[in-house]
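Undergrad: Mind having a look at this structure? Questions to follow.
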2 protein chains.
Amino acid sequence: MTPSRDEKKKITRQTILEAARACFEAEGYEATSVRDIASAAEVSAGSVIHHFGSKRELLYATLFEDLETTMREALSLCTSPPLGAQLDAMTRHIFSYYLRRPRLSRVLLKESLFAEEPWASRFREQTARLHGAVEALAGDAMRRGELSPVVDARMLAMAYVSFYYFALLAWAQGGHEDPARLVSVQMAQHLRGLSSARTTGG
Amino acid sequence: MTPSRDEKKKITRQTILEAARACFEAEGYEATSVRDIASAAEVSAGSVIHHFGSKRELLYATLFEDLETTMREALSLCTSPPLGAQLDAMTRHIFSYYLRRPRLSRVLLKESLFAEEPWASRFREQTARLHGAVEALAGDAMRRGELSPVVDARMLAMAYVSFYYFALLAWAQGGHEDPARLVSVQMAQHLRGLSSARTTGG
DNA sequence: GAATTTTGTTGAACGTGTTTAATGTTTTTG
DNA sequence: CAAAAACATTAAACACGTTCAACAAAATTC
């Protein structure tokens with residue numbers, strides 16, 4: 001019953017991943033050295049790099065799946081209209097993931113926003129899915145008559161994502177305690193409409 | 001005529017700064033080592049760190065002033081109404097600074113968004129000044145009757161800044177050629193107003 | 001003006017992430 | 001089953017940013 005090389009590889013990978021997650025959560029990303037992770041996983045530092053390419057990619061590996069799960073949950077949330085409430089629920093669900101790990105989220109945000117391929121694509125895809133979900137909800141709202149039929153759902157979704165990242169960055173910089181509320185307030189302002197043209201014009 | 005210690009210090013600092021700027025522009029931030037800068041400035045690596053604290057702070061020092069100048073220029077731009085045109089002019093002026101140095105801007109954006117003190121405050125202050133300028137322009141627009149008097153100028157400014165950073169990040173990730181246009185389009189949508197309440201209600 | 005303190009400068013050294021050459025074992029090939 | 005290829009693993013080495021002890025020279029003190 002000698003374990004095959006593939007099995008051993010997978011076990012080693014998993015061991016390193018768990019050791020890394022533990023070290024990162026306990027000490028933070030920067031304070032954790034590759035050698036720390038290696039000795040916690042009882043392998044050499046070279047082996048850690050061999051399996052994951054770099055320390056940064058190890059960070060991605062530890063956090064991406066969790067974020068993916070959270071995102072999927074958020075997108076499958078079935079909140080009842082109006083649109084504002086639906087978006088709020090989504091925002092809150094996703095942000096709760098970040099708020100639970102302030103230190104790691106900060107570095108994840110920093111590194112994921114400026115990742116190289118193939119991670120850049122993966123993170124971009126997550127954002128694209130969020131964008132798509134908001135667009136779909138906006139479409140529903142238009143069909144309900146809650147939004148004017150001339151609204152561009154794609155633009156609305158882009159505005160949401162802008163507010164989303166702004167709030168996330170403001171929070172990561174220590175500026176806001178409740179980023180979800182910030183998104184909510186900004187989105188409400190956006191939906192309310194600002195131009196006086198509608199009140200004075202035809 | 002032995003130069004005083006203060007003078008010598010200033011000269012050394014300036015020499016290092018110029019060497020660093022040259023290296024960063026030529027090779028990029030990550031590809032430039034502290035030792036490269038040191039030998040270009042004909043000092044030791046330790047001296048470079050002694051003067052600037054860290055390689056990252058040297059990056060801030062090389063780029064912050066330029067950005068500061070650009071920002072000040074943008075804020076003192078006197079474009080004629082409507083508000084949208086005024087904001088577009090500002091956006092374009094600032095973004096032209098980034099677009100001129102794509103590689104360095106990318107790393108500056110990354111590092112400045114997540115800087116530690118005292119740089120964090122400085123960059124936050126720049127954003128705050130941008131925010132303030134937009135708020136003032138929005139106030140003018142309200143007094144002109146261009147915007148509804150119920151509009152919250154601070155919220156409008158926050159929306160602008162959100163679009164601003166979203167476009168900048170999208171550009172830095174290689175997604176958009178013309179981030180200024182992206183801001184313009186999003187801001188136009190925001191000003192136009194989205195809710196059908198205004199057409200059906202009141 | 002001598003003694004003392006301050007401080008700009010340096011080269012060596014530290015810990016870092018990553019690379020590399022060598023090794024032993026598993027898998028594949030013939 | 002033997003020969004060959006593939007590959008996970010490691011220790012040593014590398015370049016990196018940064019720290020440090022030592023030094024020399026300028027500034028300060030008395």
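Undergrad: Which of the residues spanning the stretch A:124-135 are out of contact with any helix residue (DSSP H, G or I) (no Cβ under 6 Å at 6 or more places or on another chain) and under 14 Å from A:Tyr165 (Cα atoms)?
TA: A:Arg124, A:Thr127, A:Ala128, A:Leu130
Undergrad: If you scan the stretch A:99-109, which residues turn out to be within 14 Å of another protein chain (Cβ to nearest Cβ) and of a type in the set (A, V, I, L, M, F, W, C)?
TA: Initial filter on the stretch A:99-109 (within 14 Å of another protein chain (Cβ to nearest Cβ)): A:102-109.
Of everything in the stretch A:99-109, those that are within 14 Å of another protein chain (Cβ to nearest Cβ) and of a type in the set (A, V, I, L, M, F, W, C) turn out to be A:Leu104, A:Val107, A:Leu108, A:Leu109.
Undergrad: Can I ask one more? Name the single residue that is nearest to A:Gln189 (Cα to Cα) among those in the stretch A:158-174 being more than 7 Å from chain B (Cβ to nearest Cβ) and buried (at least 22 other Cβ atoms within 10 Å of the Cβ).
TA: Among them, the one singled out is A:Tyr160.
Undergrad: For the structure I just gave you, tell me whether B:Ala197 is within 12 Å of chain A (Cβ to nearest Cβ) and at pLDDT 95 or above.
TA: For B:Ala197, the condition - within 12 Å of chain A (Cβ to nearest Cβ) and at pLDDT 95 or above - is not met.
Undergrad: From the list B:Leu75, B:Leu83, exactly one residue is under 30 Å from B:Arg192 (Cα atoms), assigned by TED's automatic domain parsing to the domain that holds B:Ala141 and in contact with a Lys or Arg (Cβ under 7 Å, 6 or more places away or on another chain). Which is it? Steps first, please.
TA: Numbers: B:Leu83 fails: in contact with a Lys or Arg (Cβ under 7 Å, 6 or more places away or on another chain).
After applying the criteria, what remains is B:Leu75.
Undergrad: Determine which single condition A:Gly175 fails, assuming it passes every other condition in (1) at pLDDT below 90; (2) under 20 Å from B:Val150 (Cβ atoms).
TA: Here A:Gly175 meets the rest and fails (2).
Undergrad: While we're here: I'm trying to understand the selection: among the residues of the stretch B:80-123, which are acidic (Asp, Glu) and under 17 Å from B:Tyr165 (Cα atoms)?
TA: Keep residues of the stretch B:80-123 that are acidic (Asp, Glu), which gives B:88, B:111, B:116-117.
B:Asp88, B:Glu111, listed by residue number.
Undergrad: Looking at the structure I just gave you, is A:Glu42 assigned by TED's automatic domain parsing to the domain that holds A:Gln189, among the acidic types (Asp, Glu) and either within 16 Å of DNA strand D (Cβ to nearest atom) or under 30 Å from A:Leu156 (Cβ atoms) (or both)?
TA: Considered against the rule, which asks whether it is assigned by TED's automatic domain parsing to the domain that holds A:Gln189, among the acidic types (Asp, Glu) and either within 16 Å of DNA strand D (Cβ to nearest atom) or under 30 Å from A:Leu156 (Cβ atoms) (or both), A:Glu42 comes out as no.
Undergrad: Please find, within the stretch A:52-64, the residue that is farthest from A:Glu111 (Cα to Cα) out of those that are within 16 Å of DNA strand D (Cβ to nearest atom) and part of a helix (DSSP H, G or I).
TA: A:Phe52
Yes/no matrix, rows are residues, columns are (1) in contact with a strand residue (DSSP E or B) (Cβ under 8 Å, 6 or more places away or on another chain); (2) crowded, with 20+ Cβ neighbours inside 10 Å; (3) within 23 Å of B:Leu168 (Cβ to Cβ):
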position: A:Leu83; (1), (2), (3): yes, yes, no
position: A:His93; (1), (2), (3): no, no, no
position: A:Leu99; (1), (2), (3): no, no, no
position: A:Lys110; (1), (2), (3): no, no, yes
position: A:Glu116; (1), (2), (3): no, no, yes
position: A:Ala120; (1), (2), (3): no, no, yes
position: A:Met155; (1), (2), (3): no, no, yes
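Undergrad: Report yes if some residue within the stretch A:6-13 is within 15 Å of DNA strand C (Cβ to nearest atom), farther than 30 Å from A:Arg181 by Cα and in contact with a helix residue (DSSP H, G or I) (Cβ under 9 Å, 6 or more places away or on another chain); otherwise report no. Let's see the steps before the verdict.
TA: Let us first name the residues in the stretch A:6-13 that are within 15 Å of DNA strand C (Cβ to nearest atom), namely A:6-12.
Next, only the ones that are farther than 30 Å from A:Arg181 by Cα stay: A:6-12.
With the extra rule that they be in contact with a helix residue (DSSP H, G or I) (Cβ under 9 Å, 6 or more places away or on another chain), the set shrinks to A:9, A:12.
Yes, the stretch A:6-13 contains a residue that is within 15 Å of DNA strand C (Cβ to nearest atom), farther than 30 Å from A:Arg181 by Cα and in contact with a helix residue (DSSP H, G or I) (Cβ under 9 Å, 6 or more places away or on another chain).
Rundown of residues vs (1) within 9 Å of DNA strand C (Cβ to nearest atom); (2) closer than 23 Å to A:Ala115 by Cβ; (3) not in a loop (DSSP other than H, G, I, E, B), yes/no style:
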{"position": "A:Ala19", "(1), (2), (3)": "no, yes, yes"}
{"position": "A:Cys23", "(1), (2), (3)": "no, yes, yes"}
{"position": "A:Tyr29", "(1), (2), (3)": "yes, yes, no"}
{"position": "A:His50", "(1), (2), (3)": "yes, yes, yes"}
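Undergrad: Checking the condition within 16 Å of DNA strand C (Cβ to nearest atom) and more than 13 Å from every other protein chain (Cβ to nearest Cβ), which residue from A:Ser80, A:Ser96, A:Ser112, A:Ser44 passes? Quick ask: steps written out before the conclusion?
TA: Details: A:Ser80 fails: within 16 Å of DNA strand C (Cβ to nearest atom); A:Ser96 fails: within 16 Å of DNA strand C (Cβ to nearest atom); A:Ser112 fails: more than 13 Å from every other protein chain (Cβ to nearest Cβ).
None of the others qualify; the one that does is A:Ser44.
Per-residue answers, yes or no, for (1) within 11 Å of chain A (Cβ to nearest Cβ); (2) farther than 30 Å from B:Ala20 by Cβ; (3) part of a loop (DSSP other than H, G, I, E, B):
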| residue | (1), (2), (3) |
| --- | --- |
| B:Glu116 | yes, no, yes |
| B:Ala128 | yes, no, no |
| B:Ala133 | no, yes, no |
| B:Leu137 | no, yes, no |
| B:Asp140 | no, yes, no |
| B:Gln189 | yes, yes, no |
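Undergrad: Identify all residues within the stretch B:1-35 that are at pLDDT 95 or above and within 7 Å of DNA strand D (Cβ to nearest atom); write none if there are none.
TA: Answer for the stretch B:1-35, where residues must be at pLDDT 95 or above and within 7 Å of DNA strand D (Cβ to nearest atom): B:Thr32, B:Ser33, B:Val34, B:Arg35.
Undergrad: What do you reckon, is A:Leu67 buried (at least 18 other Cβ atoms within 10 Å of the Cβ), part of a helix (DSSP H, G or I), within 16 Å of DNA strand D (Cβ to nearest atom) and away from chain B (no Cβ under 14 Å)? Give the steps one after another, and end with the answer.
TA: On the way: buried (at least 18 other Cβ atoms within 10 Å of the Cβ): yes; part of a helix (DSSP H, G or I): yes; within 16 Å of DNA strand D (Cβ to nearest atom): no; away from chain B (no Cβ under 14 Å): yes.
Answer is no for this residue.
Undergrad: Limited to the stretch A:46-57, what total is found for residues that are without any contact (Cβ under 8 Å) to a residue 60 or more places away in the chain and surrounded by 15 or more Cβ atoms within 10 Å (Cβ to Cβ)? First the steps, then the outcome.
TA: Step one: filter the stretch A:46-57 for residues without any contact (Cβ under 8 Å) to a residue 60 or more places away in the chain, giving A:46-56.
In the following step, the residues that additionally are surrounded by 15 or more Cβ atoms within 10 Å (Cβ to Cβ) were identified as A:47-49, A:51-52, A:55-56.
Matching residues across the stretch A:46-57 total 7.
Undergrad: Can you pull out every residue in the stretch A:142-153 that is within 9 Å of chain B (Cβ to nearest Cβ), charged (D, E, K, R) and more than 17 Å from A:Ala89 (Cβ to Cβ)?
TA: A:Asp152
Undergrad: Go through (1) in contact with a His (Cβ under 7 Å, 6 or more places away or on another chain); (2) in the same structural domain as A:Lys110 (by TED's automatic domain parsing); (3) surrounded by 18 or more Cβ atoms within 10 Å (Cβ to Cβ); (4) not basic (Lys, Arg) for A:Thr62 and report which single condition fails.
TA: The number of the failed condition is (1).
The values are calculated or read from the model by the stated rules, or taken from the named source; none is laboratory data. The shown structure was predicted, so the numbers you read here are calculated from the model rather than taken from an experiment. Every residue, glycine among them, receives a Cβ derived from its backbone with ideal geometry; neighbour counts consider all protein chains shown.
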